[in-house]
Structure formats: structure tokens, C-alpha cells
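For reference, the structure is listed below as C-alpha cells.
The values are calculated or read from the model by the stated rules, or taken from the named source; none is laboratory data. Note that the structure is predicted; figures quoted are calculated from it, not measured. For neighbour counting, all protein chains shown are included, and Cβ atoms are generated from backbone atoms with ideal geometry for every residue, glycine included. Just the protein is used for accessible areas: all its heavy atoms, side chains included, with ligands, DNA and RNA removed. Shrake-Rupley method; radii C 1.70, N 1.55, O 1.52, S 1.80 Å.
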Amino acid sequence: MKTTVTPTAISASPFDTLARLLSDGQVITHPVELIPYERDGTLVRGRPQAVVLPHSRDEVVRVMRWAAEHRIPLVARGAGTGLSGGAVAEDGGVIVSFARMKQILALDREGGLVITQPGVTNQMLDETVKKLGLYFPPDPSSGRAATIGGNIAENSGGPHCFKYGVTTNYVNGLEVVLHDGQVLRLGGAAADYPGYDFISLFTGSEGTLGLISAATLRLMRNPPAVKTMMAAFDSVEEAGNAVSAVIAQGLMPATMEMMDQKMMRIIEDYVHVGLPVEAGAALIIEVDGYPESLDAQMDEVVDVLRRQNARELRITQTPEEREKLWYGRKSAFGAIARLAPSYYVLDGTVPRSRLGAALAGVDRICNALNLRVANVFHAGDGNLHPLVLIEDPDDHELLERVHEAGRQIMQLCLELGGSITGEHGVGIEKRAYMALMYDHAALSAMWDVKHVFDPDGLFNPGKVLPPLPTVAPSAEVLTASVPDSPCVPTSAEEVAGALRAWMAEGRAVYIRGAASKFTPPQEDGAAVLATHALRGISTYALEDLYVTVRAGTPLAELQAELERDGMWVPLVSPWPDATLGGIMASNFNAPLRMRYGTIRDLVLAATMVLPDGRIIRIGRPVVKNVAGYDLHRLFVGSYGTLGVITEASLRLYPLPRARASLLMPCDDLSQALRCAGALLPICLIASALLICHHPSPIEVEGTRIESPYVVVYTAEGVPEDVRAELRQAHTALQSIGVSDVWESTQWHGNALWADHLADATLGTPAELIRVGVGRKDLPQLLKRLSPHLDERPYCADVATGLLYVPGGVAYLPYMEPIAIEMGGYAIRATAPCLSADGAAGCSRAPEGWELMRRLKARWDAHHRLNPGLLFLR
């Protein structure tokens, strides 16, 4: 099933044409000048037929159209620092180097966004945004050279992703050039655009679906202070146990890095940064937040480490000491080059609790094959980086042993419940291992996506996906009779059997969860698949901070179970019966997303059943996994139109140790906007910043509020941080003359938001409207909509630019044009219908509409699954 492209033989004609499309110096064809582009940071080599260096999107479009005309493959390349062979022209073709597209196109401090070209480096972006007090958390070790385009292609992480997540958590929008030269704009300044989540699909796709020409990235407030410590241990096992103990304590350090003795000695000989080279292993642990909280956070970490036999604890005292320590850590790969002319690095990921077993296994494998190896890794997220030394790159027998070690290490990671790659990507090097991680159904679903976006196979051919067997392996097919409707399956296999049977009969099939948001229509001949028996926790891994739960499980039931251990999944729903599957399918996020991320950020892995009965299990229960396409995130917000979600693994967080809220009654919208505007810049640990409008008086903690508007702000985290942020909030409000401020630890913004929507949508959840714009445009949106909404309750999530209007369907024709004018949207939040031609009752379809239709047709050609949702019948 691999798409094979036979490049047009080189002749003067097509490449002369290419040269005329661009300026002098932008097309390289001389064999000597092509040599630097033959490889990336790996041993893999491939000779491109040419290299182009575009300066703009329009030039990328010209190159794409030329390639499509001549059927010549294109391989996107950033700085060439990749570690999987992803930017190597394995079978010829043209490399598109984005090295000259290195402009920051827009920096919106108020909106917390930056728009960059793909060639901007991490270091350049970091230095630019930090001048404004902002922060882009992904920070790969190669950040001095690595580009944003490469970050997105590989879904890069880095040391700080344990607390802050990986690249996909910060991509708000993409500009992509498709296979025919069409420019597609996905997402933008607003949050939760309707339609399939193609942004998550492109992030981590390694250039196999299109060429990224610009990216809109979400920024956060830069933590005001940081404290860094290095701890030495007698063994790697003790250091690994210490990592688990820190997490079990309910602590969330910004980073936890580990080096073994061999690696420390290699680094120390190279850069002399004072590493404890006599220890068996060392941890670098960093905490951040307000200055008032750092001592308490670090003291608690120190207590844990001492109980885990840490033999040396060293806290950096100056920024220079911290920079020196991190310089040593990030010099690991460079230091290895002093010992051998080359090395082989892997980046498998395992659950944190299996770190000790993984490292012991790596050493065992390399010793058995007589190979030298040193280890450095992101301990907080279980991401291994064994570096196998290659003393003679021309020794074919040595290379065979090296690659055999790689295969065995990948197999070990999978056996321990992990992934073959956490951040470097699959590329060429790990392509063969994809079949170890995913079965035929999952790989065939990924190939389906590849064919939808790249029907001619021109984008980075041969990367990521291995060829599929020409004949699919036989699977046991249930031969039971067609089930009655409603069908109440208890497993993914039963879901698959029901879908196959009903689809064969040509019946429409509706998925019903708790019916808290969507109730299937009564329709002759239609079948209903009810998910309420897909209920309960499958796996609860407290030490690894994840829970695997079946889709029909009510959120309230899950939270009650987790609360016993002081944990939770940071989700809130207005409807008590809401299920995990329903929240995922509708992408329904509460304001606390500003603190913890959205449902798509929390889903680590999932099991889905496609309309044809294929059961696909995508992802792994680890923080970092970049093996293949993120199909589980594609199902978030798909409203059941692509398949049935049956199970999901979700990231866990400790319950906040402290939480406090401020409420400000306001007499008019102008005053409310001033209050919210004063609070927005100080949000670091805030979990809610809302403006709620109540035409009638409301009660909060038994007190009647007559003012039609209230501004609600909540901060949560460690007590010292909460107190520090509240002091800043009070100061900000005093600076604009606001003195009527209520403070409480008994209620919080997300509960008020949920109660507000639950009360206002009682009996009519399908009438809830969500309007999304960039957060800096929200004040103008509210002002322009004010004449229509003065008599209606609504709640605005100031931090993300979302407006919720219960019972607002009648106002949709007024709201949508204004939102679209601002680059946003307006939809029915619980049962949307999209249309490209302005059909009555539907919202405008996004730019990716045609691709949505093609993917839907690939998996559900006759639109029989959840008809009427997203797609007009």
C-alpha cells in the first residue's frame, strides 16, 4: 500500500523551468553543492536531485505546482538537525529548505500569539517573546539551530514538556501548501475552530501531508522565577525511583532530567561544568513559579530525594550557574563526537515507573552486542536517549550490530508499554518498527489519511509509514445476527460487529452517550448505538499519571474515584451525566483549559472503531509519543462522524493544593471589560477569567448580586503561588479604581461557569451557541453583540476568546458574520451543522471543508454515521 513515486528523469527542461520560477541562488543542482543536504543528524543518506530555498509562501506554491506537474517528490527541511532521517531525500526528488523563511510575521502580546515562518529558530523565538514576558515552552536540545517548522513536523518536546507539554499543545493555527498548490489555513487566533482537527494531524506528520508555510503559536506568561538543583545517586535505578517518588508526592517540577555516569564523564571531559562524575546517575530538577513559592517547592523536592538516598544535592545560586549546568546537559550530543566519529541515538519512551527496567535492558542489549552506550534522558516523561557509539562508520558488521541494538531497544520500549519515538520522529530509521507498535488496522487508517492529503504521494515519500501487506491479515469477524436497536455493546469488538452489520444493511447509525448534549432523532430505519455499557476504569496508573477509561463512563464518576488519591483529570462539564466519550467527541472544554490544556491535550491514547468495523488503537499512555499520525486527536471534535470512541487514556494531575477566587460585580459591560483586561496579563496559574452576564439577579454563597455583570477570576496551584498571584490581581484592580472585590476559597470560576450553563440550558442543551474569536478581539465582539444579548444570559471565557450563549440559536445569524469578520466562528456547540454554501441553520464550513469531506468519504462514503452532525444531510 506504500505510495511509490517514480521521479521524472532529470533533464534540462523541468529543472530549467524550476530555476526560472525563483531567483538566482534559490535553486541548487550542482552535485558538490548538494552534498550538505544528503543527510540530517543520522547515518541515513540520500542524494536529492535539487534543493530549493524559497523566501515566501508564494514561492512555495510555485514549487509545489511545478512538482505536481512533473511528479517530482518534495522533502521539507528545516535546519537539518533531525534525528530520524525525515529530511533526507531517500529516493531523490527535491528538498525544500525553509532556511530563508525565518521571519516572525506578527507578535500579539495581548492575544498571547505569535505567527512565524517555518525557518525561525527556537532560540530566536525564545529570545524575542521573553522580552515581552512571554514563553514558548517546547525547547529541544538543538534549539539554537532547530526551526519551528521542524518542531511542528516532529512534534518536538524537550526538557520542560513534563509540566508544559509538547509542540502540539501550542499550535493554534497553520498555513499549509497542499499537493495541488492550494493554500490551506487551519485554525487561527480563536480556540476550538469547528471541524476535524487537522492541526493535530499535521503536527508530527513529518512533512508527509503538506508543506507548512506559517504557524500561529500560543504563548504563555513567562514564569517569573526558577530554581534548579542537581542531585547525585549511586545508581540509575535509585535516580529513577526518585523521579517516581517526586511525582507520587503530587509535585509538578518544570523539568526532571537524568544522566548516567558514563554520559556525565563524557560531558565533563568536554565542557567542565562540574558534574558529579563519581555518582552512578544524576538528576537535574527545576521548579518554577513566583519567587515566593520556589523555596517551599524545592524544599519538598529535597525531602523526597533524601528519602530516596540522594547523596549530593546542589542548588544553583545564580543564573550563570544554572546556565552552565544546562549548557552541560545540552552538550551531550556534541560531547559524544569527541569519542567516536558517529553515534546512533534512539528516543523511545516508557512509562516513568519502568525507567529502571528500560535502562537495565538497554545496557543488557548493548553489552550483549559489544557496543558502547551512554544515556541521557528526559526522566520526567520517560523519554530515553541512549547514544550508541560508532567508532568506524564504514564497518558494516558494526553497523549491523548497532541497528540490531536499535531494534531490540524499540521492542523493549513497546514491551514496557511505551513508544518507539518520543520526539525525534519515525522518518526512515524507525519506519520498520511501526509494524511492531501498530497493527494492520491502525496503519491502514494512517495510510487512508495519507492518501486523502497526498493522493500522488509527492510529500516526503517513504517516511513514517511502512508498506502494508497486499493482503490484510484475517481477523475474527463476529457472525452474529444484526443487532436490535438500540444496541448496547460492552466492548470495542461488539461495537465493530454492530457497525459492520448495520452498514451492510445501509442503515443510518446514531451514537448515543448520556444524551446530555445530543439526542439522536427518531428516524425510521435508523439504528442507535448506546455507549453507557462501555463504562469503568480499565487501567489506573497513579505512579505514571494516567488513567485508561471507557468512553461511556460519566466524568463525575471518574473524578470521584480519582479524588480518593488526590488526583483528577482537569475537565469540567455543565451536565452531571456527561461522559468522557461525549466530551471528547464534542471537544467541549471548560475555562480551566488556560491552566491545564484542552481535552485533546489530555488524551494520550484512544481506541476507536471506524464505520467499516476496523478497530484502531492509537497512541500510548505516555506524555511523549510521535510515532505516526495523531488519529486519536482527529476524533476530538468530530461529533462521532468518523467513528465510535470506545476507550481513552487521559493524563492525570494532582488536585490543586490551594484555590482562591475573586468576583467583581459590574454595572455595565465597559466596567467588566476593564476589570478583565486588568487581570488578563497577570494570569500565570489562573484557571478561569470570565465575564458572565445575568439579566436577572443571581446568588453566590447566599448573597444576592443585583449587578448585571460579574467578572470571575480563579487561581490554583501551590499555596504560595496562589497568594502571590492574588496579590498581583488586587494590585491590578486597584490601579483602575476597582474596590468592590469579593474573595473566596469556597467557590471557583469553573463551577460558576458550569452552573451558569447548566441552569441556562436546562432542557435545551442543543440550543447552546459557542462563538470564538482571538482573545484580544473578545471585547469588541461583546460590544458589537451587546444589542442582541442584553436580555440574554451569557458567559465569556476571556482568556481564550470564547463566548457561550445558551438558547442563542435565534441569534446565530447575527453573531456569525461578526465573528467571521474577526477571523472567528459561531456554531451550535453541542450539535453543529456546517455548510460551505450557507444552508439555513448551519454555520460556515472551515477552509479545510473539502478535505473533511474526502476523509469522511474515505471512512463513511454514504454518511451513515451520525448523519446531520457537522455535515448537512
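Let me test this: with uniform point scatterers at the alpha carbons of the range 223-345, what is the Debye-based log₁₀ I(q)/I(0) at q = 0.09, 0.10, 0.13 1/Å?
At q = 0.09, 0.10, 0.13 Å⁻¹ the computed log10 ratios are -0.25, -0.31, -0.51.
Which value, in debye to the nearest 20, describes the size of the charge dipole of the chain about its Cα centre when Lys and Arg Cβ atoms bear +1, Asp and Glu Cβ atoms bear -1, and nothing else is charged?
The calculation lands at about 1040 debye.
Taking the Cβ of Leu294 as the center, what net charge do the other residues with Cβ under 9 Å away carry, scoring Lys and Arg +1 and Asp and Glu -1?
-3
Ranking request for peptides 721-734, 816-829, 253-266: highest mean number of other beta-carbon atoms within 10 Å first, then the rest in descending order.
The peptides rank, most packed first, as 253-266, 816-829, 721-734.
Using mean Cβ contacts within 10 Å as the protection proxy, how do 205-214, 765-774 order, highest first? Could the numbers behind the result be given before it?
Working: 205-214: 26.9, 765-774: 24.1.
The densest-packed peptide leads the list: 205-214, 765-774.
Determine the share of the chain's accessible area contributed by carbon and sulfur atoms, expressed in whole percent, with a 1.4 angstrom probe.
Roughly 49 percent, rounded to a whole number.
If you count the DSSP beta bridges with both ends in the range 149-286, what percent of them are antiparallel, to the nearest 5?
100
For the chain, what is the accessible area per residue in Å² when the probe is 1.4 Å?
With the other protein chains kept in place, the chain gives 35 Å² per residue.
Give me, ordered by chain and number, the residues 5 or more places off Leu534 or on other chains with an amide H under 5 Å from its own placed amide H.
Gly552
Just to check I understand the Karplus step: with θ = phi - 60° and J = 6.51 cos²θ - 1.76 cosθ + 1.60, what whole-Hz values come out for the range 850-855, glycine and proline as x?
Couplings: 5, 5, 4, 5, 5, 5 Hz.
Calculate the dipole size of the range 669-735 relative to its Cα centre from +1 charges on Lys and Arg beta carbons and -1 charges on Asp and Glu beta carbons; express the result in debye to the nearest 20.
Around 240 debye, computed over the range 669-735.
Per 0.36 nm of contour for each residue apart, how much would the distance between Ser739 and Asn309 grow if the chain were fully extended, relative to their Cα-Cα spacing?
149.7 nm is the gain from fully extending Ser739 to Asn309.
Which one, [x] 0.93; [y] 1.05; [z] 1.01, gives Cα Rg over 2.2 N^0.38 Å as derived from the coordinates shown?
Computing Cα Rg over 2.2 N^0.38 Å and matching it to [x] 0.93; [y] 1.05; [z] 1.01 gives [x].
Dividing the alpha-carbon Rg of the range 405-454 by 2.2 N^0.38 Å yields what? Mind dumping the intermediate values first?
Numbers: Rg = 11.9 Å, N = 50, 2.2 N^0.38 = 9.7 Å.
Rg over 2.2 N^0.38 Å, computed on Cα atoms: 1.22.
Give me the dipole magnitude in Debye, nearest 20, for the range 751-868 about the Cα centre, with unit charges on the beta carbon: positive for Lys and Arg, negative for Asp and Glu.
Working: 13 positive and 13 negative charges, 86 e Å.
Value, rounded to 20: 420 debye.
With n ≥ 4 as the cut-off for DSSP H runs, can you work out [θ] at 222 nm for the chain, using -39500 (n - 2.57) per run divided by the number of residues, rounded to the nearest 500?
For the chain, the value works out to -9500 deg cm²/dmol.
Please go through the residue pairs Lys102/Lys227; Lys227/Lys324; Lys430/Lys624; Lys130/Lys324; Lys163/Lys517 and name each one whose alpha carbons sit more than 24 Å apart in this structure.
Over 24 Å Cα-Cα: Lys102/Lys227; Lys163/Lys517.
Dividing the Cα convex hull volume of the range 736-873 by residue count, how many Å³ per residue is that? Working shown, then result.
Working: hull volume 21.2 nm³, N = 138.
So the per-residue Cα hull volume is 154 Å³.
How much net charge surrounds Arg62 when only other residues with a Cβ under 15 Å from its Cβ are counted (Lys, Arg +1; Asp, Glu -1)?
Taking every other residue near Arg62 into account, the sum is -1.
At 0.36 nm per residue, and after removing the present C-alpha to C-alpha distance, how many nm does the segment from Ala340 to Asp363 gain when stretched out fully?
Going from the current span to full extension adds 6.4 nm.
For the chain, give me the percentage of DSSP beta bridges that are antiparallel, rounded to the nearest 5 percent.
Roughly 85 percent of the DSSP beta bridges within the chain come out antiparallel.
Compute the signed sum of charges (Lys and Arg +1, Asp and Glu -1) over the other residues within less than 11 Å, Cβ to Cβ, of Gly82.
Residues close to Gly82 contribute a combined charge of -2.
Taking 0.36 nm per residue of sequence separation and subtracting the Cα-Cα distance, how much length would be gained by fully extending the chain between Arg47 and Ala840, in nm to one decimal?
Values: separation 793, 0.36 × 793 = 285.48 nm, distance 5.42 nm.
Residue separation times 0.36 nm, minus the Cα-Cα distance, leaves 280.1 nm.
log10 I(q)/I(0), Debye, Cα-only the range 829-873, no solvent, q = 0.21, 0.32, 0.34 Å⁻¹?
Here the Debye-derived log intensity ratios amount to -0.68, -1.25, -1.27.
Could you work out the relative contact order of the range 747-839? I mean the mean sequence separation of Cα pairs under 8 Å and 6+ apart, divided by the number of residues, in percent.
Value for the range 747-839: 38 percent.
Mind ranking 439-445, 528-534 by how tightly packed they are, going by the mean number of other C-beta atoms within 10 angstrom, highest first?
Ranked by mean Cβ neighbours within 10 Å, highest first: 528-534, 439-445.
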